[in-house]
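Structure provided below as structure tokens; questions to follow.
The values are calculated or read from the model by the stated rules, or taken from the named source; none is laboratory data. This structure is a prediction, so every number in the text was calculated from the model and none was measured. Note: ideal-geometry Cβ built from the backbone for every residue, glycine included; neighbour counts use all protein chains shown. Areas reflect the complete protein model, heavy atoms only, side chains present, ligands, DNA and RNA absent. Shrake-Rupley method; radii C 1.70, N 1.55, O 1.52, S 1.80 Å.
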Amino acid sequence: MLQKPRGTRDFLPDEMEARRAVEWRLRDVARRWGYREVCTPEFEDLELFTMRSGEGIIGEMYVFEDKGGRKLALRPEITAAVIRMYINEAKVAPKPLRWCYFADCFRYERPQKGRYRQFWQFGVELIGADTAIADAEVIMLAADMLNATGVRYELKVGHLSFVKNLLKDVEPALQRTIRAQLDKKDFEGLKATLDGMNRPELAESLMTIVSCQDLKKAFEIAGDIPERERIEQTMGYLDAAGVRYSLNLGIARGLDYYTGIVFEGFADNLGAENQILGGGVYRLAHLFGGDDVASCGFAIGFDRVMVSLGETARTKETVAAIVCTDEGRTRALAVARAFRDAGIRTEMDLMGRGFGAQLGHAAKSATFAVIIGQREAASGEVTLKNLQSGEQKTITLEAALAEVGAVGSRG
RNA sequence: GCCAGGGUAGGGUAGUCUGGUUAUCCUAAGGGGCUGUGGAUCCCUCGACCCGGGUUCAAAUCUCGGCCCUGGCCCCA
């Protein structure tokens, strides 16, 4: 039998409905903050991704050549594409731009829990607002969106300047090693690295600062940071808004284009792959030939959110099943039409089942049976049977529509 | 790329150690008993040993390779 490609998934209707429900909650929050949805191509020039991350990531992407010999890649993430689109299409639009997207991405990696080769991200990019309140807005939105999904999580907020300032006279290659060790809280490795440099006092400062929960103290340790006022303002807005977060100045993020505030969200109940959100302030546009506009954004790992939410009991949608006899079938089609026009999910027998069998099938799949036999066809009424309670009554079509519709609106 | 455990009808499973009848059971699905009242029950039907090589008179079972799944490591834009 033909199998689906490694790391991909099929979604049956139950799961699809659950995913769409969460997707729409996210979209609705974004909409209320003024973030409008955009869409970029599923594949892009390979160069778009290598310019930003180096040739090294080719091994982790789906790369292919098209019939014209162009080197292309399935998008491994969306931020780069959104910034490319901004430069191509919207450079002169009034700032700031508030954009969001929900789209699938592809990475050639070893699948495991919460990690698939095709996965979905819900992301947000705020382009062209380089202020403390802009940073705060994006983080507040991140918290709002995660809250809307119902996932249990921890939000960590940091800023790259602290560690950067402490490491300003360290050579770049070593800086990178140290930042990775701080991000992983690998203090053993960190000590070894710094002992090799003969800078034990630096190890002390770094280890203190990554676990520091007090912003004032962090500034004392890190020394004179030019962004101090903006950081204090941003955190002040978050505190005033009651955003639940913890300070974590060790967050490194994977890429060099982040320049300021960075933040990450972690689900409480996932295993190794528990990061469900990541973002920060970055400058990327100049890489693609645009202006050096500042942006702030994040992406939510949608599939991990769904894994974290687990099997949630779904409220079954109200379904009306039209049950008819041969004599009632023409009338039944008209009744079905009326139900569908009223927005009610309505199904008719297609299997040539007898009356009893139709009702039997309806009992398994529907909330109401709408019975149209010879008598109803003649009178123009319908018999509405509530399949949970067993009650039934013969009433006008309008009354039946009203009754089923009322249940539907209660969900 | 590395480590561990797995793969038997649509779903869930027994059988594998110790090779040997028509591969077990539950469920789902389709039909019938039942052409105006359903979920019960009874009967019938459909439907599987992941793929390939090896050993053997004989392989779901032993063996080798591959593919895929689950979890962990690495990585994580």
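Looking at the square roots a ≥ b ≥ c of the eigenvalues of the Cα gyration tensor of chain A, which shape do they give, rounded for a/c under 1.5, prolate if a/b is larger than b/c, or oblate? Mind showing how you got there, number by number?
Working: a/c = 2.65, a/b = 2.33, b/c = 1.14.
Prolate, because a/c is 1.5 or more and a/b exceeds b/c.
So, in nm, how far is label A:N269 from label A:Y62 when the simple model puts each one 7 Å beyond its Cα toward the Cβ?
Distance between label points: 3.1 nm.
From the phi angles alone, apply the Karplus equation (6.51, -1.76, 1.60; θ = phi - 60°) to the stretch A:171-188 and give each ³J(HN,Hα) in whole Hz, x where the residue is Gly or Pro.
Ordered by residue, 3J(HN,Hα) equals 5, x, 4, 5, 3, 4, 4, 5, 4, 5, 5, 5, 4, 8, 6, 8, 6, 4 Hz.
Between A:D239 and A:E171, what is the FRET efficiency for a Förster distance of 30 Å, r being their Cβ-Cβ separation, to the nearest 0.05?
It comes to 0.20.
Nearest 0.05, what FRET efficiency do A:E188 and A:R345 give at R0 = 60 Å with Cβ-Cβ as r?
0.50
Starting from the 7 Å offset along Cα-to-Cβ, what nm value, one decimal, do you get for the label separation of A:T396 and A:A357?
3.7 nm
Still on this structure: Give me the distance between the Cα centres of the stretch A:211-277 and the stretch A:81-147, rounded to whole Å.
About 18 Å separates the Cα centre of the stretch A:211-277 from the one of the stretch A:81-147.
So, with a 1.4 angstrom probe, what is the percent of accessible area on the stretch A:172-275 that is carbon and sulfur?
48 percent
For the peptides A:348-358, A:7-17, what is the packing order when you average, over each peptide's residues, the other Cβ atoms within 10 Å and list the highest mean first?
The most tightly packed comes first, giving A:348-358, A:7-17.
Here's another thing I want to ask about it. Using a Förster distance of 35 Å, how high is the FRET efficiency between A:D326 and A:A406, based on the Cβ-Cβ distance and rounded to 0.05?
0.65
Let me ask another. How large is the accessible surface per residue of chain A, computed with a 1.4 Å probe and reported in Å² as a whole number?
Counting only protein heavy atoms, the per-residue value for chain A is 51 Å².
Rounded, prolate or oblate: pick one for the stretch A:1-66, where a ≥ b ≥ c are the square roots of the eigenvalues of its C-alpha gyration tensor, a/c under 1.5 means rounded, and failing that, prolate if a/b is larger than b/c, else oblate.
oblate
Subtract the Cα-Cα distance of A:A338 and A:E89 from 0.36 nm times their separation in residues, and report this length gain in nm to one decimal. Can you show the working numbers first?
Values: separation 249, 0.36 × 249 = 89.64 nm, distance 4.50 nm.
Here the answer is 85.1 nm.
Using a 1.4 Å probe over the heavy atoms of the protein chains, calculate the carbon and sulfur portion of the accessible area of the stretch A:319-410 as a whole percent.
Roughly 51 percent, rounded to a whole number.
With chain A treated as a Gaussian network of Cα nodes joined by springs under 10 Å, which of A:G301, A:G260, A:G328 yields the largest mean-square fluctuation?
Top of the fluctuation ranking is A:G328.
Continuing with the same structure: A:V124: net charge of surrounding residues, Cβ under 15 Å, Lys/Arg +1, Asp/Glu -1, itself excluded?
-3
So what's the net charge close to A:E229: Lys and Arg +1, Asp and Glu -1, counting the other residues with Cβ under 15 Å from its Cβ?
Value of the local net charge: -2.
When the chain is fully extended, how far beyond the present Cα-Cα distance does A:M16 get from A:Y108, taking 0.36 nm per residue of separation?
That works out to 30.7 nm of additional length.
Hey, another quick one. Give me the net charge of A:K4's neighbourhood, meaning all other residues with Cβ under 14 Å from the Cβ of A:K4; Lys, Arg count +1, Asp, Glu -1.
+2
For helix A:13-32, what angle does its Cα long axis make with the longest principal axis of chain A, in degrees from 0 to 90 and rounded to 10?
For A:13-32 against chain A, the angle is about 60 degrees.
Rounded if a/c is under 1.5, else prolate if a/b beats b/c, else oblate: with a ≥ b ≥ c from the C-alpha gyration tensor eigenvalues square-rooted, which is the stretch A:319-410?
rounded
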